[in-house]
Amino acid sequence: MTGLYASALTGAPVLRAELTRQSLLPPAERRTLAVKDTGSELVETFDGVEVMRYVYRPDMPLFESPKPYFHPLRTLDGDVVTGYRPHDHRWHKGLQMTASWLSGQNFWGGGSYVHAEGGYVELPNNGSMRHEEWLEPGVERLTWWTQAGEHWVDERRTIATSSGEDFWTLEFATELTNVRGEDLLFGSPTTNGRPMAGYTGLFWRGPRAFTGGRVLASGGQGGEEMMGRTASWLAFVGRHDEVDRDSTLVFVSEPGQRWFVRSEPFAAVNPSIAFSEEVRLAAGETLSLSYRVVIGNGAWSRERLDTL
């Protein structure tokens, strides 16, 4: 149906690969999309502005749990809205899929929070997520390996983008299949005893300038009291250094996921898959997740966020 409407609008055939929200925009509102694959990164531009760099073959120390990441992400104005390898957490890299605790293994980076008495401990458990191949444009096959060399997860990841007048949207979906041969438990520091630290899953680290930014959420909610709460969407508004501009990021998660969010001492957002309760993935079963991240120019009002 999308193809029929798009073809009727443009008078031209529409290929399957072109079926995005972008294809339904009137010609005057469309942006020219270009994607370049360097062999280790996907680089995407809208109207000549580089908005996304997806590093799928990263070069990083084992302690930082090597895995693909998005950085830099930019607005259509060209402003960077991700932080990379900050001095406080070297394993924070833009926007990335993580798992801070997976049956004792760490696919997040750094130390592992083992229990309230022991706190964070450096263990030989820093796993990696490896790019295997592109199955088709925007569809990636990955494998997850423990530090000991055990293959635990097969992943199929889908990435798609579209744009509007003053924003663009990143769609991120993943299918995680347990190939370990026994159950896997997704957890977090909170499930191991640290209150209000339930980070795991898709995680965004903002630029240093976004520290102290505004947090807004659906249902009239907002502020750092969103930590551990549920909401259908959550937005972060930050102000840039160097240029006199603000940017707004809107995150839309799976229903029921609890938010890990901070604006102090740094900007971070994560719709957690296991904030306070572990999630069991049985052997051979698949966990499917999907997210939307909207990256907008300027400081958006609650009214605009509700409408969007």
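The values are calculated or read from the model by the stated rules, or taken from the named source; none is laboratory data. As the structure is a computational prediction, the values presented were derived from the model and not from experiment. Please note: Cβ atoms are built from the backbone with ideal geometry, for glycine as well, and neighbour counts cover all protein chains shown. Protein only, heavy atoms only, side chains kept; ligands, DNA and RNA dropped before computing areas. Shrake-Rupley method; radii C 1.70, N 1.55, O 1.52, S 1.80 Å.
Select from region 138-151 the residues that are surrounded by 12 or more Cβ atoms within 10 Å (Cβ to Cβ) and in contact (Cβ under 8 Å) with a residue 24 or more places away in the chain and write down the one among them that is nearest to residue 173 (Cα to Cα). Let's see the steps before the verdict.
Filtering region 138-151 for residues surrounded by 12 or more Cβ atoms within 10 Å (Cβ to Cβ) gives 138-147, 150-151.
So of that shortlist, the ones also in contact (Cβ under 8 Å) with a residue 24 or more places away in the chain come out as 140, 142, 144, 146-147, 150-151.
Values: 140: 10, 142: 13, 144: 16, 146: 23, 147: 25, 150: 24, 151: 21 Å.
Out of the qualifying residues, it is 140.
Put simply, of 167, 186 the only residue that is among the aromatic types (Phe, Trp, Tyr), more than 30 Å from residue 31 (Cα to Cα), modelled with pLDDT of 95 or more and in contact with a Gly (Cβ under 9 Å, 6 or more places away or on another chain) is 186. Whenever a residue of region 36-61 is at positive phi, its partners that are surrounded by 16 or more Cβ atoms within 10 Å (Cβ to Cβ) and of a type outside the set (Phe, Trp, Tyr), lying with C-beta atoms within less than 9 angstrom and at least six residues away or across chains, give the pairs 47/31; 47/33; 47/76; 47/163. For region 178-213, filtered to residues that are within 19 Å of the chain's Cα centre (by Cα) and part of a strand (DSSP E or B), the residue that is surrounded by the most Cβ atoms within 10 Å (Cβ to Cβ) is 205. Condition check for residue 142 on (1) more than 30 Å from residue 34 (Cα to Cα); (2) in a strand (DSSP E or B): one failure, at (1).
What pairs can you find where one residue is in region 224-241 and closer than 13 Å to residue 269 by Cβ, the other is part of a loop (DSSP other than H, G, I, E, B) and among the acidic types (Asp, Glu), and their Cβ atoms are less than 8 Å apart, with a gap of 6+ or different chains? Sorted first by the residue in region 224-241, then by its partner, the pairs are 224/264.
The set of residues from region 254-281 being part of a loop (DSSP other than H, G, I, E, B), open to solvent by less than 70 Å² (accessible area, probe 1.4 Å) and free of Cβ contacts under 8 Å to residues at least 40 places away in the same chain comprises 254, 256.
Taking region 221-240 as the region of interest, how many residues are part of a loop (DSSP other than H, G, I, E, B) and closer than 10 Å to residue 260 by Cα?
Here is the first cut: in region 221-240, the ones part of a loop (DSSP other than H, G, I, E, B) are 221, 223, 227-229, 231-232, 240.
Now narrow it down to the ones that are closer than 10 Å to residue 260 by Cα: 227-229.
So the count comes out to 3.
Just the residues that are out of contact with any Ser or Thr (no Cβ under 7 Å at 6 or more places or on another chain), over 14 Å from residue 83 (Cβ atoms) and surrounded by fewer than 21 Cβ atoms within 10 Å (Cβ to Cβ), please, taken from region 230-251. Within region 230-251, 230, 239, 242, 243, 244, 245, 246 qualify.
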